[in-house]
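I have placed the structure first, in the form of structure tokens, so that the comments after it can refer back to it.
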Amino acid sequence: MRPDIVRQTDITFIVIVGISFLLLALVTAAMFYFIYKYSRKKNPVATDITGNTTLEILWTAIPLVLVMVMFFFGYSGFKQMRNAPSDAMTVKVTGRMWAWSYEYDNGVKSDTLFVPKGIPIKLELSSADVNHSFYMPAFRVKEDVIPGRKNYMWFDPKEEGRYQVECAEYCGLSHSYMLSQVLVLPAEKFNTWLAESKLKENADTTKMQTDTIKSKQDTLKTK
Amino acid sequence: MSENTHIQESSAAELQHPGYGLYILVWAGLVGLTTITVALAGFNLAGLTVVTALAIAIVKSLLVTNYFMHVRTDSPIFKVFIFVCIAIFLTMIVLTFFDLTYRFPLK
Amino acid sequence: MNNEATIGHAHVHRDDVGSKMGMWLFLFTELLLFGGMFILYASYRFMYPENFKVAAMHLDTLIGSVNTILLLTSSLTVALSIVALQRKQKMFSVFLLMFTVAAGGAFLVNKFFEWSTKIGHGIYPKGPEMANLSDGEVVFYGLYYVMTGLHALHVIVGLIFIGFMIVFILKGKQTFDNHQKLENAGLYWHLVDIIWIFLFPLFYLIH
Amino acid sequence: MDYVSYLDYKGKHKGLLGWILSTDHKRIAILYLVSLVSFFLIAMTIGVLMRLEMLTPGKTIVDPQTYNALFTLHGVIMIFLFIIPGIPVVFGNFFLPIMLGAKDVAFPRLNLLSWYLYIGGAFLVVISLFVGGGPIDTGWTFYVPYSLRTQSNVTLAVFAAFVIGFSSILTGLNFIVTIHRMRCPGMTWFKMPLFVWGLYSTSWIQLLATPVLGITLILIMLERTFGIGIFDPALGGDPLLYQHLFWIYSHPAVYIMVLPAMGLVSEIIPTFSKKDIFGYGPIAMSSLAIAFIGYLVWGHHMFSTGISDTSRAIFSFLTFIVAIPSGVKIFNWVATMYKGSIETRAPFMFVVAFIVIFSIGGLTGLVLGSLNTDIHLTDTYFVVAHFHYVMFGGMGLLFFGGLHYWFPKMFGKMYNERAAKWGLLLFVIGFNTLYFPMFIMGYLGMPRRYYDYLPEYQIYHVISTVGSWILVTGILILVINLIKGLLSKEKYLDPNPWGGTTLEWKVPTPPELENFQEIPTVEHGPYYRDNLIKPENSH
């Protein structure tokens, strides 16, 4: 059974927000009750209370336990995020101003991330220029892409469909347009796509090479 | 809490500095340590190179702060300050190295 | 000057310990300014251990050692000058400070020759030799120029402080029973010395 | 010696010169106040423009390059020119010496120099907009390598930040020496007002953390100017080390902002509850604890950057620890109200609003301190909402709170309290309308610093933008109300309008030039009152 990152993250979120909400409600309710109960009108002279050691210890210790619980949830979920399953399929992701590109093991390149349903995907991230961050909100994962270094992440495409990919680390003029998509296909459909792309790419290679030379000559001319 | 009781005592608290002799002695020590550290650089101490060089540098800087900068005889508050400052600096280094040491292979 | 001092209850408050405390706190900021650089040095050394060793071999240990002795001696003379002033040996104190200035000046001259030699070999940012060096060496020289350059800047500032002190002593503004400014200038100079005590082995000795 | 208020004082210089050359800590505080409020209003206007741009997807009013410059400027001005100096330079300068029973800070001329550096830095920011490559577009974090590549004028802008940082260091240095050396007879460390403890903790952060940022910014300048390879990955540098050094300062900087604000809360609550503070010791110590632990948590800004998994775990753990002392403070504040005799005057209401808003900010911080949720939420609008709740709801709200608390003391004038409360109400409504939808947007995956967005987020952006209009209305009511009070002919010379117990309420209103004709002697703690009922059972 593979860990469910989305569920884990949402559970952590709910646990922390739940505890936080209770604390907030407690503090706010107490405060407003005191303001009402001990108003100048109702209680003209205050009582001289300067502290209480038991209380201080309690409200240091209890929150400490609570935050340790939160830490535990966060950490155990995080460990799963960082341990890609060994049967994961690897895709190389490159970020550059301002587009994402993907490269599969067999050399096929794409600007949409096609993945087969039900197979965990490990992404190897790198950057061609400045910092970017590969973010897929639907899968609750994000890792920064720093030039000169490698980073990785993994996710589990369980359902077919289209999911958003965004750049989450500011990278200049068109940062907000550095979008892409994950397309989760049934396994056999994905395999056909991969094979077809490979064939197409082989056919295109010769053409592409001449194209590159031509475009280089064009740039030189315009300069 | 002498450090708290006010301004007036400050000029009275003027510290008597030690004589020329002690300073010259400290200086001789510093020069001696410099010679040692330069000499040691000639040998191959493998992993210990950095450690010895830094240890000697730390001893030298302790000599300078304690004697030339009078920390030894000054109010203890300065020792506390220096301790806090160094402690925070060291924590910065240690925490940074928790990242560097355990990073997964980069390239 | 303090324009409030013109009315009656001017606070002519002299607080030598406060003044010294202010100076120490300022020294801490200097320490952490270099501290940031030391963190970088440590990190890059950790990342490029071999390259750093190779690059360090190319620095002249002799110049480094001579400079270390110069700074240590100048630190001594500053410390001695305070004793001299306390013993009311005004001119001897001034002489010791002048010696400090001379030693500091010599340090800078050495530094200048050291830098110009390196630059002459094309080893400077964007210099012709830099392209042939490994990443770690480029970073090493980057740190070398920034850290020793920043240190040299501090030497210059320290020398200016001490120059002022010489004038103050001669004009009688710093005297045997009122010399906190001289003490502070001394503290600054010792800090410059301490920083060099660490820069020296880190750049010249760790082979 | 007759009483002459610092406002009426006629010295060597007349008019404006009497202000900008004065080394009196109170006049310097007013100089800061005027400058800070101006910068705040400028940055607020920029913020409103940004919200307006986000009203619809695609272009609404500006193009992307302008938008990028706008959010950078909004951040740089708000953070370096308003929030970080904020409470210390205005209220710290004005009240620290008075609260300690001193005539001025330890180094009055250095104090004035700090203001000049601050204004000089601000001036450089303005110049950087018009020379070189134009307005900086890197975000206030100046992350490399983008800040090394962009054509905009990063070099001058980071130099400006460096100069302002230097001003901040000098203020911190000045305050530490003042607190150590200038306490009046009888004022031991644990008889200092809690605001002073807040300033003391803050000052240490300013002193020890700012230089690290200073050198980092200098390195950016050197890299851009001379091509030195320190951070540039093309030359073997590591951009993550830049982020480490940047956050080594910039995380503690959050506490530079919030600790004095917390100190102010600890002043206002006892004053209006008419009783001693609950848990003086724990509140004072928690300030120091926050300051210290605050140095150890910077890595939580980098959870998704690819720092080692071990360090992510350590930083997350420490981040949770730093929440404890903040919690202790909040519990003690609320406990102070227990069996008090509470007057719900305007300054007190600011504190009530603060406790709720700041708690939301702090508690959502726990979501971001936790590793897996942070991975999802970092660099989204969730973070934007969180830090606005903490900084604007913390320091910003209390800046106005402090202004309302000390306004009569500072100027010998009074504002309209009804208007202040209405302004505050609009502030709170607008604030939550503006920032709360951002939490939701963030969870849904709207990244920050986006000029354009997908249509599904529009509804939240619209609500948020409408909130910004309400918030601005509230702020304008507050500011105009204060200015009206200031300009009114009617003097308000009551030395102690709220019934405060600290030393500033024992000097005439407005304070005279050197605060005290005779240095006072202190016998009791700062919030001691002798008319209180003794508790039935000593808890």
Check: Taking H as built 1.01 Å from N, whose amide H comes closer than 5 Å to the amide H of A:MET89, not counting residues under 5 places away?
Finding: A:ILE121, A:LYS122
Notebook entry, point to check: What value, in deg cm²/dmol to 500, does the helix sum -39500 (n - 2.57) over DSSP H runs of n ≥ 4 give at 222 nm once divided by the residues of chain A?
Noted result: -16000 deg cm²/dmol
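Size of the dipole of region D:22-506 about the Cα centre, Lys and Arg at +1 and Asp and Glu at -1 on the beta carbon, nothing else charged, in debye to 20?
Details: 27 positive and 20 negative charges, 317 e Å.
About 1520 debye.
Please give the charge dipole size of the protein assembly as shown, origin at the Cα centre, charges +1 on K and R Cβ atoms and -1 on D and E Cβ atoms. Round to the nearest 20 debye.
The dipole of the protein assembly as shown has a size of about 1180 debye.
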Note to self: Just the number: Rg to Rh for region C:69-181, Cα atoms, Kirkwood Rh, two decimals.
What the structure shows: 1.18
Note to self: To make sure I understand the rule: partners must be lysines, Cα under 27 Å from the Cα of C:LYS173, and not fewer than 8 residues away in the same chain. Which ones qualify?
What the structure shows: C:LYS20, C:LYS88, C:LYS90, C:LYS181, D:LYS12, D:LYS103
Check: With the calculation restricted to Cα positions, what are the radius of gyration and Dmax of region D:234-369 in angstrom?
Finding: 17.9, 66
Checklist line | Projected-area average for region A:89-217 over all orientations - Cα convex hull basis, square nanometres | finding: 8.4
Check: Could you give me the ³J(HN,Hα) list for region C:157-174, computed from phi with Karplus coefficients 6.51, -1.76, 1.60 and θ = phi - 60°, whole Hz, x at Gly and Pro?
Finding: 4, x, 5, 5, 3, 5, x, 4, 4, 4, 4, 4, 5, 4, 7, x, 7, 10
Item checked: Cα-derived Rg over Rh, computed across region C:16-205 with Rh taken as Kirkwood radius -> 1.05
Item checked: Charge dipole of region D:228-371 about the Cα centre (unit charges at C-beta), most positive-ward option of D:SER250, D:GLY362, D:PHE315 -> D:GLY362
Next item on the list: Based on the mean of other Cβ atoms within 10 Å per residue, sort peptides D:80-93, D:405-418, C:22-35 so the most packed one is first.
Entry: D:80-93, C:22-35, D:405-418
Next item on the list: Measure off 7 Å from each Cα along the Cα-to-Cβ vector at D:THR66 and B:VAL51, then give the distance between these two points in nanometres to one decimal.
Entry: 6.3
Next item on the list: Compute the normalised compactness of region A:5-82: alpha-carbon radius of gyration over 2.2 N^0.38 Å, N being the residue count.
Entry: 1.62
Note to self: Which residue, A:SER86, D:MET410, D:MET187, has the largest displacement toward the positive end of the dipole of the protein assembly as shown when charges sit on each Cβ (Lys, Arg +1; Asp, Glu -1)?
What the structure shows: D:MET410
Notebook entry, point to check: Here are some pairs, D:LYS10/D:LYS413; D:LYS329/D:LYS484; C:LYS171/D:LYS14; D:LYS26/D:LYS413; D:LYS274/D:LYS489; which of them have Cα atoms lying more than 23 Å apart in this structure?
Noted result: D:LYS329/D:LYS484; C:LYS171/D:LYS14; D:LYS274/D:LYS489
Item checked: Approximate spin-label separation D:VAL131-A:GLU124, in nm, with each point projected 7 Å along Cα-to-Cβ -> 4.8
Next item on the list: With a cut-off of 15 Å, note down the residues of region A:35-55 whose backbone N falls inside the zone around a label point 7 Å from the Cα of D:LYS534 toward its beta carbon.
Entry: A:47-50
Next item on the list: Please list, in chain and number order, the residues 5+ apart from A:VAL165 or on another chain whose amide H is under 5 Å from its amide H, with Hs placed from the backbone.
Entry: A:SER180, A:GLN181, A:VAL182
Note to self: Taking just the alpha carbons, could you work out the radius of gyration and Dmax for chain A, both in angstroms?
What the structure shows: 26.7, 92
Notebook entry, point to check: What whole number of Å gives the distance from the Cα centroid of region C:58-79 to the Cα centroid of region D:477-539?
Noted result: 58
Next item on the list: Would you calculate, for chain C, the mean residue ellipticity at 222 nm contributed by helices, counting each DSSP H stretch of 4 or more residues as -39,500 (n - 2.57) and dividing by all residues, to the nearest 500?
Entry: -27000 deg cm²/dmol
Next item on the list: Under a cut-off of 15 Å between alpha-carbon atoms, report the aspartates and glutamates in cross-link reach of D:LYS191, not counting same-chain residues fewer than 8 places apart.
Entry: D:GLU267, D:ASP276, D:GLU504, D:GLU523
Next item on the list: Please report, in debye to the nearest 20, how large the charge dipole of chain A is about its Cα centre when each Lys and Arg carries +1 at its beta carbon and each Asp and Glu carries -1 there.
Entry: 440
Notebook entry, point to check: In which sequence would D:TRP140, D:TRP204 go, from the one with the fewest C-beta neighbours within 10 Å to the one with the most?
Noted result: D:TRP140, D:TRP204
Item checked: Reachable lysines, given that their alpha-carbon falls under 19 Å from the alpha-carbon of A:LYS122 and they are not under 8 places away in the same chain -> A:LYS79, A:LYS92, A:LYS109, A:LYS142, A:LYS150, A:LYS158, B:LYS107
Item checked: All-pairs Cα distance distribution in chain D, expressed in whole percent, bin size 20 Å -> 22, 57, 20, 1
Next item on the list: Summarise the long-distance tail of P(r) for region B:18-102 by giving the % of C-alpha pairs beyond 23 Å.
Entry: 43
Next item on the list: Of the options A:PHE21, A:CYS171, A:VAL69, report the single residue whose Cα projects farthest towards the positive end of the charge dipole of the protein assembly as shown (beta-carbon charges: Lys, Arg +1; Asp, Glu -1).
Entry: A:PHE21
Next item on the list: Taking 7 Å along the Cα-to-C-beta vector as the label spot, tell me the A:THR60-D:LEU16 distance in nanometres, rounded to one decimal.
Entry: 5.3
Check: Using alpha carbon coordinates only, what is the Rg to Rh ratio of the protein assembly as shown, with Rh defined as the Kirkwood radius?
Finding: 0.98
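A short reminder: the numbers here are calculations on the coordinates, not readings from a lab. Worth saying up front: this structure is predicted, and the values here are computed from it rather than measured. No Cβ is skipped: glycine too gets one built from the backbone with ideal geometry, and neighbour counts run over all protein chains shown.
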